[in-house]
Structure formats: C-alpha cells, structure tokens
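These notes concern the structure reproduced below.
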Amino acid sequence: MTAEDVTAQPAIARPPAAGPVQPLVQLTNICKYFLGVTALEDINFPVYPGEVMCLLGDNGAGKSTLIKILSGVHQQDKGTYWFDGQARRFTSPREAKACGIATVYQDLSMIPLMSISRNFWLGSEPTRGVGPLHFFDGPTARRVAREELARIGIRIRDADQLVGTLSGGERQCVAIARAKYFGAKLLILDEPTSALGVREARGVLRYVRQARDEGLGVVLITHNVNHAYPVGDRFTVLGHGHSLGTFTKDEVSREDVLELMAGGEDLADVGADAGVDAGVDDGVDAGADAGGELADE
Ligand SMILES: Nc1ncnc2c1ncn2[C@@H]1O[C@H](COP(=O)(O)OP(=O)(O)OP(=O)(O)O)[C@@H](O)[C@H]1O
Ligand SMILES: [Mg+2]
C-alpha cells in the first residue's frame, strides 16, 4: 500500500438523494487465484454505511472467497480493497475485526453447551478487580447479554440458559447482536437464513434490516433471492468468479436477479424436467413467505 493509494479512493456516486457519503467498502478489480484456479476476476462494488449489499451466486461462484478477503482470511492477488477510506490488505481476521469488520459464519462459532451470556462475550469477557486480581464479572455479562437481546426482540428468561436451547434463528441473532455490541461497522453474514424455517428467517431478516437502519454496512450472502430482495439495497451477482453485475434495487426486479443467478437459463425448463413448477421448491417458497411479509412492513 502506498501513501498515494490512501488518498486516491475513487469517488463513487451514491444513489440519488442520499448525498455525498463515502463508501465503507470499495472493491476495485479484485482478483484471487488458487493454484491456477481463478476464484475471482475483476470484482468491483461498493458497500455504503446503512445499506445491505447482497452477494448472490451459485455454488462455486466465489462468494466465500470474496468474504474471506473482506474479513482478512485471504488476501487479494490483484486489485484494491478500500475500507473506511484506506487501501487495505488484512493479514488476519483479528486485524480485520479490530477495524470493525464482523463476520458471522454459518456454523456461528458458538458453543451449544455454554450459556448465552458466555457465548455472547466469548473471548472478551468483562472483568472486575484491580491489578492482578481480575474476576469474571458475571452479573454485568448476564445483564448486558439480556439487554442486548431484548433490544432485538429476543426475550430470554435467563442468560445462563445454554445456547443449545435457542433456535437456529435466535442463535444467528445472538451472533449479530454480539458483533454489533463490539462495535462492528461492517457486518458480513454468510447464508444466515439457509437452515431456517419461514418464521425464523423472517426474524433474522428483520434484524438485518435493523442493523442497516442503525448505520452498519451489511454484506449478506445467500442463495435465496426471496430472502435477499426484500432487505437488499444493492445486489452483486457472481458467476464462476466473475461479476455478472452490481445493481441497486430500483434497477432490477426480483425476477431479473433470479434470472441472472440462473445464468440466463430458463428455470421453467428445469421445473418441467423435474415435474414441478419452477421456483417453488421448499426453500424458495419459504423465502417468498419470509420476504413477502417483510417487504410489506
Ligand atoms: N482454498 C482453496 N484452494 C483452492 N481452490 C479454492 C479454495 N477456495 C475456493 N476455491 C475455489 O474457488 C472457487 C470459488 O469457491 P467459493 O468457495 O468462493 O464459492 P462459493 O460461491 O462460496 O460457493 P458455495 O455457494 O458452494 O459456498 C471454487 O472453484 C473453489 O473450488
Ligand atoms: Mg461458500
């Protein structure tokens, strides 16, 4: 990184009426190669504070590779990753986290046999005491965990309750609440709704929207357009490591995004082959329900 890079962040037009806000993230011509495999080629998109950027694409499209670059697990081979106005090349997830980048992976890195409060604080436990005499501050840990969860509508009887007793959606929300509490500016969510039922997916998506409304930039990775569309402000579709385009919501319909993800294939043909209607398998249908109601709010 040179001093020139730091001052030369490209100006990107904000959607109309939103004013001159600098992107939280700007990727320019990001490339990543693995032993001759092109995982990503020339990826460009911004993420603004207070917006949900949906990263969509089929299996092997490059979504995970891209979020690993954003979160410091991998480094780009070419291109520039701007974060908060500076050209970055994070060398570890810890470094990215310290800058305010929180990533919630599908497996959530939670310990089911530990309490909600211990999972909430994991690795950053509050302590009491002075000098070498430090004690885990259980009452503060329990109170803050309970308050933060209440803020997002999850009422727990007892912060000592095991995480294993929470539903999948509630666990996602605890992970997001934790990221927010510890000062994330960018929240990266990897398939947060893929394993959830309709009601739960709706709850998580509502919370994603709340995080966005509080000013965080959110990168939401999903296979499900019906989950992405109601909460997304901007959509980037990846296919075989290439960008198929980045669009604001007023530029594309739900159907346009679905078609892009299918690589132009006619989904009706797929449905006919399988003897079912296109796009009404359980996952998509559940998504439509989850998304539909959310969109009407
Ligand atoms: N560590 C690695 N070594 C070699 N190849 C890799 C590595 N990580 C990813 N790839 C390759 O890069 C491409 C993109 O993979 P990636 O995991 O980013 O896709 P994805 O969009 O997340 O897919 P999925 O939806 O299945 O999770 C694939 O061809 C994959 O095999
Ligand atoms: Mg992946």
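Can you find even one residue in the range 98-109 that is under 25 Å from Glu251 (Cβ atoms) and either outside any strand (DSSP E or B) or in the same structural domain as Asp256 (by TED's automatic domain parsing) (or both)? No. Taking the condition under 17 Å from Phe83 (Cα atoms) and modelled with pLDDT of 55 or more, does Ile30 pass? When the stated conditions are applied, Ile30 passes them.
Listed conditions (1) within 16 Å of ligand 2 (Cβ to nearest atom); (2) open to solvent by less than 60 Å² (accessible area, probe 1.4 Å) are all met by Val73, apart from (2). Candidates in the range 194-224 are the residues that are farther than 23 Å from Ala145 by Cβ and open to solvent by less than 10 Å² (accessible area, probe 1.4 Å); of these, the one that is farthest from ligand 2 (Cβ to nearest atom) is Gly217.
In the condition set (1) within 28 Å of Asp42 (Cα to Cα); (2) within 12 Å of the chain's Cα centre (by Cα); (3) open to solvent by 10 Å² or more (accessible area, probe 1.4 Å), Ala179 is compliant with all but (1).
Assuming Leu260 fulfils every condition listed in (1) at pLDDT 80 or above; (2) open to solvent by 60 Å² or more (accessible area, probe 1.4 Å) apart from one, which condition is it? Leu260 satisfies all of (1) at pLDDT 80 or above; (2) open to solvent by 60 Å² or more (accessible area, probe 1.4 Å) except (2).
The values are calculated or read from the model by the stated rules, or taken from the named source; none is laboratory data. This is a predicted model, so every value here is computed, not measured. All Cβ positions, glycine included, derive from the backbone under ideal geometry; neighbour counts span all protein chains shown. With ligands, DNA and RNA removed, areas are computed over all heavy atoms of the protein, side chains included. Shrake-Rupley method; radii C 1.70, N 1.55, O 1.52, S 1.80 Å.
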